[in-house]
Amino acid sequence: MEAYNVYVNPWSNSLFLSLVAFALIASFANAEIHYHDFVVQATPVKRLCKTHNIITVNGQYPGPTLEVRDGDSLIVKVTNSARYNVTIHWHGVRQIGTPWADGPEYVTQCPIQPGDTYTYRFTIQNQAGTLWWHAHSKWLRATVFGALIIYPKLGASYPFPKPKLEIPILLGEWWNKDPIDVLKQATFTGAGPAISDAYTINGQPGDLYRCSSQDTVKFIVDSGDTVLLRIINAALNQQLFFMVANHKLTVVGADAAYHKPFTTRTIMLGPGQTTNVLLTADQPPGYYYMAARAYVSAQNVPFDNTTTTAVLEYISTPCKSNQGFPSIPIVPLLPAYNDTATVTTFLSQFRSLSTSSVKISKEIDENLFFTVGLGFFNCDPGPQCQGPNNTRFAASMNNVSFVLPTQASLLQAYYQGIPGIFTTDFPPVPPIKFDYTGNVSRALWQPIPGTKLYKVKFGSKVQIVLQDTGIFTTEAHPIHLHGYQFYIVGQGFGNFIPNQDTANFNLIDPPSRNTVIVPVGGWAAIRFVADNPGVWFMHCHIDAHLTWGLAMAFLVENGAGELQSIGPPPEDLPQC
């Protein structure tokens, strides 16, 4: 763990004083403050036979793994030495009382401009498991990401057998181009972005790709070892299947929450999701592929159909096979790219570990219904665009295609009363009811661009039904809510039918997550209590969809109807 002690002027930021006070109070539980320096910079990296300058943190791809305990605080100074604006988001950290540290550009802060710095200060509160951090500006997330491992508090233990080894597994995507150039090209043409050239495991494509065999990641285990794999889907645009050849995986947690264990051969993660699994090295000594490849729910959409691999190697494996040649790793039989049935079976098995910790009220204060999906804008600029029928791709929630501001962040604009940045009239239900997953009238294909927030009273019990639409094609969407853990109380296919589907909700042991998969041509229902004041982003974690506007934001005010309780902006908060 690359933590170190440095001098920080405690009077430079009132929020830091609060963190220090909290840390002193928590010192009885041995909480610590971890200091890190992140330098965002261009770094030459060779993949697929070519060397590219990519944007990294501290020259590492993936970036540094941060290790903390529940209750610890982090102070991370980010220096932007790259040529692009950047922010860092601490994906899944609730940021209770510290929304200024959440990180999405133009939502909780303006981006850190080249040559500038910003220091993130926050505390982990009642979370344990695997999260991650990543850039939340443009498409820098393609290479700027790393694991955030949260161990239990000292004296606490895992609710499962202690593993001998713990291994972070970061799944990613690789382009033979600058990802920002891929984004610029898609934005200019209005078409879908160029697909990736490879997937990666811990930054390496694996030996099924050109010029990659020597750098394939290997993990060494001994027979009988129990291994905790902390799997993170850091891919920019792709949901991914993951398997380990001939080995069963026991799921024990996801998104920094423990879950009732269940055993599976295949797991699937949407971008942004994490899953902790136990693997027992109970197979004959040898070489076994870990492998990941695409789960593609949309029809007739181009995708990267390659497979990334790493190798699980037993220490006692003979150097040569019976034929005298080095052993070839055993290959797992991954599901078909469009195997929604396997995905549905996998997701349906998640349950919260303890029913006593699940507190879901049957009473709902805010009953919201959000359509999510793609659409089209008329060609502008013209004369020709490369989307379907000379259009530009768009995306929306409740027919609003979200537009990020540029003059101030949403949180700063609200806190400082800056007018004209946003409105608070995001619709709680679709403006027009229609057959969401059927044939949709062309009159409903074009959303309305806007920067609209939905205002929620502090303490409200919120339910959101997220409904996929078939305007362009039905598709599974990984929806991430900043600032909150929520319970997934129901999922299904087709149009949500309140009287029928609500009766089947799981209010006993629903899984706790921060990113939910809205099934292809279906719906997902989540519940949470709005107990964290701030401006919180909710968006599809497929970055192409976010770019097109598949997002919205909640404004959660405290009991006094304002946000003063969160404290003023940090002194080094970037300005637009």
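Can you work out ³J(HN,Hα) from phi for every residue in region 233-244, in order, using Karplus 6.51 cos²θ - 1.76 cosθ + 1.60 and θ = phi - 60°, giving whole Hz and x for Gly and Pro?
So the J values, rounded to whole Hz, are 8, 9, 4, 6, 9, 10, 6, 9, 7, 9, 9, 10.
Starting from the coordinates of the alpha-carbon atoms of the chain, obtain the Kirkwood hydrodynamic radius over all distinct pairs and give the value in Å to one decimal.
Evaluated on the chain, it is 24.3 Å.
Give the separation of the Cα centroids, region 129-152 to region 405-419, in Å.
26
Set the bar at 28 Å for Cα to Cα. Now go through Lys433/Lys455; Lys260/Lys455; Lys46/Lys184; Lys138/Lys433 and name every pair that lies beyond it.
Table pairs above 28 Å Cα-Cα are Lys260/Lys455; Lys138/Lys433.
Kindly write out, for region 359-364 in residue order, the coupling ³J(HN,Hα) from the Karplus curve 6.51 cos²θ - 1.76 cosθ + 1.60 (θ = phi - 60°), rounded to whole Hz, with x marking Gly and Pro.
10, 10, 7, 6, 8, 10
Amide H neighbours of Trp132 under 5 Å, at least 5 residues apart or on other chains, H built in the peptide plane: list them.
Here the answer is His91, Leu148, since their amide H atoms fall under 5 Å of that of Trp132.
Please enumerate, by chain and number, the lysines with C-alpha under 19 Å from the C-alpha of Lys461, excluding those fewer than 8 residues away in the same chain.
Lys359, Lys362
I'd like the accessible area for Thr264: 1.4 Å probe, protein heavy atoms, all chains in place, Å² to the nearest 10.
That residue has around 20 Å² of solvent-accessible surface.
Could you tell me the largest-minus-smallest coordinate of the C-alpha atoms of region 386-489 on each of the three principal axes, in descending order and whole angstroms?
If we take the Cα atoms of region 386-489, the spans are 43, 36, 23 Å.
Please give the per residue volume of the convex hull enclosing the alpha carbon atoms of region 274-414, rounded to a whole number of Å³.
295
Using a 4.7 Å Cβ cut-off, which Cys residues in the chain lack a partner cysteine?
Taking the Cβ cut-off of 4.7 Å, the unpaired cysteines of the chain are Cys319, Cys540.
Over the Cα atoms of region 470-574, Rg to Rh with Kirkwood Rh, two decimal places?
Reported Rg/Rh, Kirkwood definition of Rh: 1.04.
Take every Cα pair under 8 Å in region 179-280 that's 6+ residues apart, average their separations, divide by the length, and report that relative contact order as a whole percent.
25
Starting from the Kirkwood radius over alpha-carbon pairs of region 193-344, derive D by Stokes-Einstein at 25 °C in a medium of 0.890 mPa s and give it in µm² s⁻¹.
Approximately 151 µm²/s, per Stokes-Einstein.
Scattering from the C-alpha atoms of region 227-292 alone, worked out with Debye: what is log10 I(q)/I(0) at q = 0.13, 0.18 1/Å?
-0.35, -0.65
Are there trypsin sites (Lys or Arg not before Pro) in region 255-324 that DSSP puts in a loop and that have at most 10 other Cβ atoms within 10 Å, and which ones?
Lys320
At a 10 angstrom cut-off on C-beta neighbours, averaged per residue, how do the peptides 132-138, 76-82 rank from highest to lowest?
Top of the packing list down: 132-138, 76-82.
State the Kirkwood hydrodynamic radius of region 281-356 in Å, one decimal place, computed from all pairs of distinct Cα atoms.
Result for region 281-356 stands at 15.8 Å.
The values are calculated or read from the model by the stated rules, or taken from the named source; none is laboratory data. None of these values were measured; they are calculated from a predicted model. Cβ atoms come from the backbone with ideal geometry, glycine included; neighbour counts cover every protein chain shown. The protein model used for the area step is the full one, side chains on, heavy atoms only, and it has no ligands, DNA or RNA in it. Shrake-Rupley method; radii C 1.70, N 1.55, O 1.52, S 1.80 Å.
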